[in-house]
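What follows is one structure encoded as structure tokens, with my remarks underneath.
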Amino acid sequence: MNSFHFGGTRHRAQREPGSDRVRVDATLVSVQQDGPNRFVAPLDGRSERLHAVADGDQVWVHWRGRAWALQRIDATRSSAAGAAEAAGTAHAPMPGVVVSLLVATGQAVAEGDALLVIESMKLQTTIAAAAAGVVIELPFAVGQTFQRGAVLARLEPTEAS
Amino acid sequence: MTPIRKLFIANRAEIALRIVRTARRLGIATVVPWHAADRHGPALHEADEKIQLFGEPPVAAFLDIAAIVHAARDSGCDAVHPGYGFLSENAAFAGAVAEAGLVFVGPSAQVIERMGDKIRARRFAVEQGVPVTPAADEADDPAGFAERARAVGFPLLVKGAAGGGGKGMQIVRVASRLAEAIDVARRESERYFGDGRLFAERYVERPRHIEVQVFGDAQGNVIHLGERECSIQRRFQKLIEETPAPGLDPGLRERICSAAVTLAKASGYVNAGTVECIVSPEGEFFFLEMNTRLQVEHPVTEMVTGLDLVEWQLRVACGEPLSLTQEQVRWHGHAIEARLLAEDADAGFVPDTGRVRLLRWPQGPALRIDGGVIEGAPVTADFDSMLAKLVAHGATRDLAVSRLRQALEETVLLGVTVNADYLGRVLRHPAFARGDTDTGFLERHRDTLLPAPLSDEERRLLLAVAARALPDPAARAAPQPYAAMGAWRN
Amino acid sequence: MSRIVSHLDTRSDSYRHNHAEMTRRVQELRALTHKVRHERPERDLERLKRQNKLTVRERLDLLLDPGTPFLELSTLAANRAYGGEVHGAGQVSGIGIVNGREVIVHADDPSIKGGAWYPLSVKKIVRTLDIAIENRLPVIHLCDSAGGFLPLQSQLFPDRYEAGRIFRNQCTLSKLGVPQIAVVLGHCTAGGAYIPALADYSVIVRGNGGVFLGGPPLVKAATGEVVTAEALGGADMHTSVSGTCDYPADDEPQALAMARDILAQTTPIEKQRIDRVEPEDPYYDPAELYGIVPSDWKTGFDVREVIARLVDGSRFHEYQPQYGPTLVCGFARIWGRKVGILANNGVLFNDSSLKAAHFMRLCDRDGTPLVFLQNITGYMVGREYEERGITKDGAKMIMTQVGVRVPKFTVIVGGSFGAGNYGMCGRAYDGRFLWMWPQSQIAVMGAEQAANTLAEVKIRQLERQGQQLSDEQIAAIRDPVLQSFRAESDAYHSTSELWDDGILDPLDTRNALGMAIVASLNAPFGEPGYGVLRL
């Protein structure tokens, strides 16, 4: 069953077998395919033209100049975020390059301590520790580029005393 | 006259392609560099030859003077066009090209050095009687800089003397923040330009950024090709540029353009250049800096004048005189350009990466698309986030704006977040339509530039299309007669 | 196959009267069905929410393919038992589609008495698994039960077809190669623990799922050991230490998505082929069914009018149309599949019994499933008929009917009385499915007849003792019998006791038969074989 993450909520969207209708949650929506990556659907009495392309487990949809990425949910995977994971890793909020490393592996840090400085599109940002811990890995060296979401630092969280 | 038979284009993406096309029209062979991280550039498919460059990070390859000069010479080129960005305003590069016996398509190293250095350029402007904003520099007395900066008055802009493109700049509104701003600006300037010298000038509130396209030839002729309005900026980077500047007093326009020509002529300027000024709400203009290269937004000038500026650059580089006198230049209608960037404009202009999964450029009369990506190309943080320039022309400003808006709406670029819809909202904004523009426009109108929320019906439409474009691979259709019964329950 | 010519007068008084009555009965059915499916005490729903559990209907929604039908079975089980509080006997059972495959679902309803198993709950589960065996339908168990309802344990535990039969059926299914997936959404205690253990695959939800032969209170009482449910038989223990369950899940939506994915890993079997064409809707309006069938089973009607509104194109090839006219036999299609229909149009005589037997053999030989539309008071009685061998001929009909290998489907559209029930494939005769219509009746004989008979017996007995009974006294003997017979012979009583697979709105009959016939083809027909016909 097809489920998507969109606008902060999960939705089911499944095409009715052999038809141009798609069941979106509890409603049936009519969408015709008009060519590769092109779709036509009625809305408010008008015929709307949309483009869409699959990108791994994502779909990009373009409509009237706007574009959205909808994430297909693998319902057999857990929806609970790994909270333990989050405390021990710092993720890159955007793609960029490492400007300077302010800590070394093995170093103990407190919550909020600056770990490294990154730069992206003329913006410098300091990445801080989300919780107290010991730095176990700094995967990127100064001058190396990374993508959004990349793990910039791994920490072993220490228990609060 | 030294004809150019083969041209090395030391650049990439949309500008490399644009230069290749003009060169081809003129019968000039082209060589374009590429890096392993940039294998899908559109220019690579159109140039006659391509040469691999190496460097980590990838931008370093395009800043490697020795390697580029080497590649140009080895491939038998007679000239090098630097495009914009990268080494286009690097005097050492211009000098190295000349020393290698190749023609540099641009001004000489000395002119680049004099006019590219903000402080020197300012002094020169003052000498030529061109108005400048009150300012202070470090010169021979770095210790007294902070004091002199404070004397200039607030608000104050502290920036790197050797910089450009919006990097290393800090606005200071109260004296207490001055010391910190100086530290940050120095650190950034050192990092980006390898030169921590600073410069502080009065910050004009609600300034309009107006620049003039100038052109000089080796015979000493210098003309201007009109002004451009580039006030729609975010983080000091231009997003939308147009010509002519809306609502600009003709007398003021004349004064600015003539000041630009005066400056260019006095500096012995040859080839294409742009004199950037700020215009205050009171109608005063101040020289800001000169860019000794072709600008990103040159297409708007080309569309209203009907000229090919890259062709002019190549001819001037060959030694030809300018083909028009000032009196012969004609301007028709209005042109406006929008920069399509790979960023999420509604999330604080955060850059995005991905791959271009689907690409459909719009079509229409009076539309020009300078595209820097092809379908399937990756979009990474290795290079600039600009993916394309969309330019529209019209007999009136309203028509040009309307055409550009439609073009943005019809641009389908999927696989990475782009700012197309945001740009469309700016163009639709009533204040923009009125032409009240200044560099604070985007910040000031932030709350009225937000995207409209989706209705439930619209959301369902998008989900339905998504379900059709990405069917569940595990799903098997229900067999008959179940499928025909639909969701029947007894 | 030619179209039945309808002689129905939709403007007649009888049509209008029947229509109004049936409409009323169907509304009554729908109201009770709605109550049984959806009305729950607020505190039970609160409890489910607190436990992060979904309702059984929400679970089915996530399990089944969207936009596909679900044929729910015995929805109104236990509606006349246990004070009417154990809706559906605390179980939901039905045939649906998961990733394009037919499955039968057995789901505990934790919002009814914690999902506890009453005697009728056990009967419903056994019936569900019997259907699975006979039709080779993969089973999805949605387990969430408090266990057996102890006060009534003597009616749900010891006998042959009681609780033990559930697990025996699971083993039989496994032997036959029919996949079973158990999704442990709550507790599986004592016997219930065997459901996941005997299923091919099991998914268990962390925090809520628990599988143990004895729960924490019993363990403490037995050995003094103190242990939490999670530690004793929770997801992590069983999926990583004991290996009793296969897949841990963090929540119910994930567990149900996993069950779907697991089923997709099993290989579908090739179904039994039967004669099949593109389906076609009936030519006559099925809505007219309401006006055809009278509320009072004693009033007759032409069953061909019913057939005309159930079958594709209203087309019917009648067999022996002149002979044995009280039993209509013929070929038709339902949702494209060819079937042989036997439908009562009066009492059974010698000729109708022989015709039935012959027709059933023809269908059996050609692999044509049989559909029985029952409306029968019995075989003809009397000296003339006995001399002609009515008992012998009835026996031939029953012997043949039991011997066929093709699937049989029965809908009781009127009365089902006495031996007529047998020949026409009543419950005891291994039909794959049997349904009642809302006004149907089932008993050894009609209530009046029974009351009169019993009253007669009593009157004669007292007369022999020299007593004369007044009208009131006669009524006092007769009326209670009449009442209790009536109560015990209507469709709601039948469905409460699980003597049938549900009461159908006549308008739902076509779809129910369509789904049932196609689902039944998962089992091969097997070899024909009859006993000895007394000729």
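The values are calculated or read from the model by the stated rules, or taken from the named source; none is laboratory data. This structure is a prediction, so every number in the text was calculated from the model and none was measured. Cβ atoms come from the backbone with ideal geometry, glycine included; neighbour counts cover every protein chain shown. Remember, those area values only see protein heavy atoms, side chains included, never the ligands or the DNA or RNA. Shrake-Rupley method; radii C 1.70, N 1.55, O 1.52, S 1.80 Å.
Being out of contact with any Asp or Glu (no Cβ under 7 Å at 6 or more places or on another chain) and more than 22 Å from B:M303 (Cα to Cα) is not true of B:V356. Within the range B:402-416, the set of residues being open to solvent by 20 Å² or more (accessible area, probe 1.4 Å) and within 12 Å of chain A (Cβ to nearest Cβ) comprises B:R405, B:Q406, B:E409, B:E410. Can you spot a residue in the range B:438-446 that is buried (at least 16 other Cβ atoms within 10 Å of the Cβ), touching a Pro at 6+ places or on another chain (Cβ under 6 Å) and modelled with pLDDT of 95 or more? No.
Taking the conditions exactly as written (touching a helix residue (DSSP H, G or I) at 6+ places or on another chain (Cβ under 9 Å), small (G, A, S) and under 22 Å from C:R260 (Cβ atoms)), does A:A75 satisfy them or not?
Details: touching a helix residue (DSSP H, G or I) at 6+ places or on another chain (Cβ under 9 Å): yes; small (G, A, S): yes; under 22 Å from C:R260 (Cβ atoms): yes.
Yes.
Exactly one residue out of B:L26, B:L102, B:L87 is open to solvent by 30 Å² or more (accessible area, probe 1.4 Å) and hydrophobic (A, V, I, L, M, F, W, C), and it is B:L26.
Where helices (runs of 4 or more DSSP H) sit wholly within the range B:417-490, those with at least 1 residues that are touching a strand residue (DSSP E or B) at 6+ places or on another chain (Cβ under 7 Å) and within 10 Å of chain C (Cβ to nearest Cβ) occupy B:482-485.
Scanning the range B:383-401 for residues that are touching a strand residue (DSSP E or B) at 6+ places or on another chain (Cβ under 7 Å), within 14 Å of chain A (Cβ to nearest Cβ) and either over 27 Å from A:G56 (Cβ atoms) or open to solvent by 40 Å² or more (accessible area, probe 1.4 Å) (or both) returns a single hit, B:L390.
Hey, does the range C:24-36 have a residue that's under 24 Å from the mean Cα position of the chain (by Cα) and more than 30 Å from C:Y284 (Cβ to Cβ)? Taking every residue of the range C:24-36 in turn, at least one turns out to be under 24 Å from the mean Cα position of the chain (by Cα) and more than 30 Å from C:Y284 (Cβ to Cβ). Among the residues of the range A:6-32, the ones that are facing another protein chain (nearest Cβ under 7 Å) and more than 28 Å from the chain's Cα centre (by Cα) come to 3 in all.
Out of curiosity, is B:I278 closer than 25 Å to B:F154 by Cβ and not charged (D, E, K, R)? For B:I278, the condition - closer than 25 Å to B:F154 by Cβ and not charged (D, E, K, R) - is met. Can you say whether B:Q363 is open to solvent by 10 Å² or more (accessible area, probe 1.4 Å), within 14 Å of chain A (Cβ to nearest Cβ) and farther than 21 Å from A:Q58 by Cβ, as far as the supplied structure shows? Judged against the criteria, B:Q363 is not a match.
So that you can scan it fast, the table gives a plain yes or no per residue for (1) open to solvent by 50 Å² or more (accessible area, probe 1.4 Å); (2) away from every other protein chain (no Cβ under 14 Å):
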| residue | (1), (2) |
| --- | --- |
| C:P216 | no, yes |
| C:V219 | no, yes |
| C:T228 | yes, yes |
| C:G233 | no, yes |
| C:D236 | yes, no |
| C:E252 | no, no |
| C:A259 | no, no |
| C:A264 | no, no |
| C:P268 | yes, no |
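Open to solvent by 10 Å² or more (accessible area, probe 1.4 Å) and among the small types (G, A, S): which single residue out of B:A484, B:A431, B:A467 fits that description? Going through B:A484, B:A431, B:A467 in turn, just one is open to solvent by 10 Å² or more (accessible area, probe 1.4 Å) and among the small types (G, A, S): B:A484. The set of residues in the range C:481-516 being of a type outside the set (A, V, I, L, M) and either within 11 Å of chain B (Cβ to nearest Cβ) or more than 21 Å from C:G418 (Cα to Cα) (or both) consists of C:D501, C:G502, C:D505, C:P506, C:D508, C:T509, C:R510, C:N511, C:G514.
Just so you know, in the range A:118-153 the residues that are open to solvent by less than 20 Å² (accessible area, probe 1.4 Å), within 11 Å of chain B (Cβ to nearest Cβ) and not small (G, A, S) include one that is nearest to B:Q237 (Cα to Cα), and it is A:I118. Among residues that are surrounded by fewer than 21 Cβ atoms within 10 Å (Cβ to Cβ) and of a type outside the set (G, A, S), B:R12 is not included.
Are any residues in the range B:236-281 in a loop (DSSP other than H, G, I, E, B) and under 26 Å from B:R120 (Cβ atoms), and if so, which ones? Quick ask: steps written out before the conclusion?
Filtering the range B:236-281 for residues in a loop (DSSP other than H, G, I, E, B) gives B:236, B:244-249, B:267-270, B:280-281.
Correct list: B:F236, B:S267, B:G268, B:Y269, B:V270, B:S280.
Does A:F39 meet the test of being within 9 Å of chain B (Cβ to nearest Cβ), over 24 Å from C:N99 (Cα atoms), in a strand (DSSP E or B) and open to solvent by less than 70 Å² (accessible area, probe 1.4 Å)? Spelling it out, A:F39 is indeed within 9 Å of chain B (Cβ to nearest Cβ), over 24 Å from C:N99 (Cα atoms), in a strand (DSSP E or B) and open to solvent by less than 70 Å² (accessible area, probe 1.4 Å). Condition test on B:R235, is it at pLDDT below 95, open to solvent by 10 Å² or more (accessible area, probe 1.4 Å) and of a type in the set (D, E, K, R)? Yes: the conditions hold for B:R235.
Out of the range A:130-161, which residues are farther than 30 Å from B:M386 by Cα and touching a Pro at 6+ places or on another chain (Cβ under 9 Å)? Of everything in the range A:130-161, those that are farther than 30 Å from B:M386 by Cα and touching a Pro at 6+ places or on another chain (Cβ under 9 Å) turn out to be A:A130, A:A131, A:A132, A:G133, A:V134, A:R154.
Condition check: more than 10 Å from every other protein chain (Cβ to nearest Cβ) and open to solvent by less than 10 Å² (accessible area, probe 1.4 Å). Does B:I374 satisfy that?
Working: more than 10 Å from every other protein chain (Cβ to nearest Cβ): yes; open to solvent by less than 10 Å² (accessible area, probe 1.4 Å): no.
Spelling it out, it is not the case that B:I374 is more than 10 Å from every other protein chain (Cβ to nearest Cβ) and open to solvent by less than 10 Å² (accessible area, probe 1.4 Å).
Per the conditions (1) crowded, with 24+ Cβ neighbours inside 10 Å; (2) of a type outside the set (S, T, Y); (3) within 14 Å of chain A (Cβ to nearest Cβ), the sole criterion not satisfied by B:R18 is (3).
Go through B:V304, B:V356 for me and flag whichever is within 14 Å of chain A (Cβ to nearest Cβ), modelled with pLDDT of 95 or more and either open to solvent by 30 Å² or more (accessible area, probe 1.4 Å) or over 15 Å from the mean Cα position of the chain (by Cα) (or both).
Numbers: B:V304 fails: within 14 Å of chain A (Cβ to nearest Cβ).
The match here is B:V356.
Annotation: C:A197 fulfils all but one of (1) open to solvent by less than 20 Å² (accessible area, probe 1.4 Å); (2) among the small types (G, A, S); (3) assigned to a helix (DSSP H, G or I); the unmet one is (1).
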